[in-house]
Amino acid sequence: MAYSPDYRSYPSAGGAATSAAALDAGLRSYMMRVYNWMASGLLLTGIVAYGANEYFRDLFYPLVMTQRGLMHVPSALAYVSMFAPLAFVMVLSFGVAKLSATAAKAIFWAFAGAMGLSMMSIFQVYTGESIVRVFFITSGTFAGMSIWGYVTRTDLSRMGSFLIMGLIGIVLAGLVNMFVGSSGLQFAISIIGVIVFTGLTAYDTQRIKASYLQFASAGGVQDAGKRSVYDALSLYLNFINLFMMLLQLTGDRRGN
């Protein structure tokens, strides 16, 4: 297969043949490590978002008199928190080769916390019940697509190219809509976003699986700690973006 090399007899670092059973066990262990990192990051993000909204809401979203009365509006600190996660993603994405495993893990935790601060705004817009409901919908969708990406024999690399193009389109359309403020455009972005991030979940899972088989065959298992953090970041971002897109589509807004 194009994405999955024949691993019946990989040479290990010591030159001995690695059995398929041993390689499969290593793959399962690695994927579990990736999922654990992703789940831990999501848990930290949720705790920070909820805690910040409960105890520091007025610091990030103070009450201000507007034409529609007293409202919580974002402060300068809130805007900083919204864009802070981007800096961590750039460091992890472009500096992963230079970072130690300890540094990569520390940045991942810091990123998950910063993402929590940036996401506390959802509690200002959507009801708690709908946030919980959409979270479970996202979890089920993500799990199903990730399992499919892991077990399917279909090469998803071509689909990945179109999904990346769709992702770029979503980012550009989102930037435009920041100035236009079109509800119709936002609805279209959310629909396309659900499709893109659902597909990327399967694509990235297959990519991670194939990548492990490749670096394991080259004796690169010693880098698994750092690689697992970077791979967890990919799945984490897919989950967060899918959650936000579904929330925009199906979430119950406060005051409606």
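Annotations
- A viscosity of 1.567 mPa s and a temperature of 4 °C, combined with the Kirkwood radius over Cα pairs in Stokes-Einstein, give a translational diffusion coefficient for the chain of 65 µm²/s.
- All aspartates and glutamates inside 16 Å of Lys105 as judged from Cα atoms, apart from same-chain residues fewer than 8 positions distant: Asp223, Asp231
- Residue of Ala78, Ala22, Ala103 that the Gaussian network model of the chain assigns the largest fluctuation, springs spanning Cα pairs under 10 Å: Ala22
- Highest-MSF residue in the chain out of Phe179, Phe135, Phe243 [GNM, Cα springs under 10 Å]: Phe179
- Near Tyr126, the amide H atoms lying under 5 Å from its own belong to Arg254; only residues 5 or more places off or on other chains count, and H is placed 1.01 Å from N.
- Calculated log₁₀ intensity ratio I(q)/I(0) where the Debye formula runs over C-alpha points of segment 70-128, q = 0.28 Å⁻¹: -1.10
- Taking Thr102, Thr201, Thr138 as the candidate residues, the one with maximal mean-square fluctuation in a Gaussian network model of the chain, Cα springs under 10 Å, is Thr102.
- Each Lys and Arg contributes +1 and each Asp and Glu -1, all at the Cβ; summed about the Cα centre of segment 10-250, the dipole is approximately 280 debye.
- Positive minus negative residues near Gly225 (Lys, Arg vs Asp, Glu; Cβ under 14 Å): +2
- Looking at segment 100-154, the trypsin sites (Lys or Arg not before Pro) that sit in a DSSP loop and have at most 12 other Cβ atoms within 10 Å of their own Cβ are Arg153.
Rule-based calculations on the coordinates, nothing more; no lab input. Quantities reported herein were computed from a predicted structural model and do not represent experimental measurements. Here the Cβ is made from the backbone with ideal geometry for all residues, glycine too, and neighbour counts use every protein chain on show.
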